[in-house]
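The values are calculated or read from the model by the stated rules, or taken from the named source; none is laboratory data. Just so it is clear, the model here is predicted, and its values are computed rather than measured. As a convention, Cβ positions derive from the backbone with ideal geometry for all residues, glycine included, and neighbour counts pool all protein chains shown. Calculation scope for accessible area: heavy atoms of the full protein, side chains included, ligands and nucleic acids excluded. Shrake-Rupley method; radii C 1.70, N 1.55, O 1.52, S 1.80 Å.
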Amino acid sequence: MRYFGVDWVKKAVTQLYEKYDVTEFIIQDDLFTVHKERTIEMLTELQKLPIPDMSISCKNALAVNTLDDQVVEALTATGLKTAYIAIESGAEHVNREIMKKRVKLDRAPVIIEMFRERGVSTCCFFIMGFPGETKEMMEESISYATHTLNSDWCYFNAVKPLVGTPLYDEM
């Protein structure tokens, strides 16, 4: 993977603001928070820019396992209004054995509460219909979303395998 450097990002954000009055920036990076130090450095530097009412969005979704109080604070201090969170499945077996995501399902409600305490709405994403996923496992996900999470919204999507992935070949 190649990452844009902090200086490059600051320059690009500044140019967009100065030339087009852009104040909302969408971070299109599935792994934006995977390197905690880099994430916090990037967000801290963006906060220093003289852009009034700047806000950010991570619509590709944030990974539960990469979030903690420091990262949540940095995201919200940079103007995050809605936290899109990738839960994927509320069924432990699907998470660990089928998707191999290993999302810490017990951490998700804690993370959601961290955002809520800072006035940030949450939206959790789920995917259903993996090979080997039963109706009961799907119902477990729905129950997890409705009874365990305290998210503002939850979106449930059908699995869509990408060409060239093992899942695509399997399906």
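If you go through region 71-97 and keep only what is over 22 Å from residue 37 (Cβ atoms) and surrounded by fewer than 17 Cβ atoms within 10 Å (Cβ to Cβ), you end up with 81, 82, 92, 93, 96, 97. If you go through region 138-158 one residue at a time, do you hit one that is open to solvent by less than 50 Å² (accessible area, probe 1.4 Å) and at pLDDT below 95? Among the residues of region 138-158, not one is open to solvent by less than 50 Å² (accessible area, probe 1.4 Å) and at pLDDT below 95, which makes the answer no. For residue 104, the test of being assigned to a loop (DSSP other than H, G, I, E, B), modelled with pLDDT of 95 or more and open to solvent by 50 Å² or more (accessible area, probe 1.4 Å) is passed. If you go through region 107-129 and keep only what is among the small types (Gly, Ala, Ser) and surrounded by 15 or more Cβ atoms within 10 Å (Cβ to Cβ), you end up with 108, 121. Within region 82-101, the set of residues being more than 15 Å from residue 143 (Cα to Cα) and either in a strand (DSSP E or B) or among the hydroxyl-bearing types (Ser, Thr, Tyr) (or both) comprises 82, 83, 84, 85, 86. Residues in region 11-29 include at least one that is open to solvent by 70 Å² or more (accessible area, probe 1.4 Å) and in a strand (DSSP E or B). Among the residues making up region 43-75, those that are over 17 Å from residue 108 (Cβ atoms) and hydroxyl-bearing (Ser, Thr, Tyr) are 44, 55, 57. Considering the conditions (1) closer than 23 Å to residue 149 by Cα; (2) under 13 Å from the mean Cα position of the chain (by Cα); (3) not basic (Lys, Arg), residue 113 is excluded by exactly one of them, (2). Taken residue by residue, region 67-83 has at least one member that is of a type in the set (Val, Ile, Thr) and free of Cβ contacts under 8 Å to residues at least 40 places away in the same chain. Return yes when residue 68 is surrounded by 13 or more Cβ atoms within 10 Å (Cβ to Cβ), farther than 20 Å from residue 36 by Cβ and among the charged types (D, E, K, R) and no when it is not. Spelling it out, it is not the case that residue 68 is surrounded by 13 or more Cβ atoms within 10 Å (Cβ to Cβ), farther than 20 Å from residue 36 by Cβ and among the charged types (D, E, K, R). When region 153-170 is filtered for residues that are farther than 20 Å from residue 106 by Cβ and in contact (Cβ under 8 Å) with a residue 12 or more places away in the chain, the ones remaining, listed by number, are 153, 155, 156, 157, 158, 159, 167, 170.
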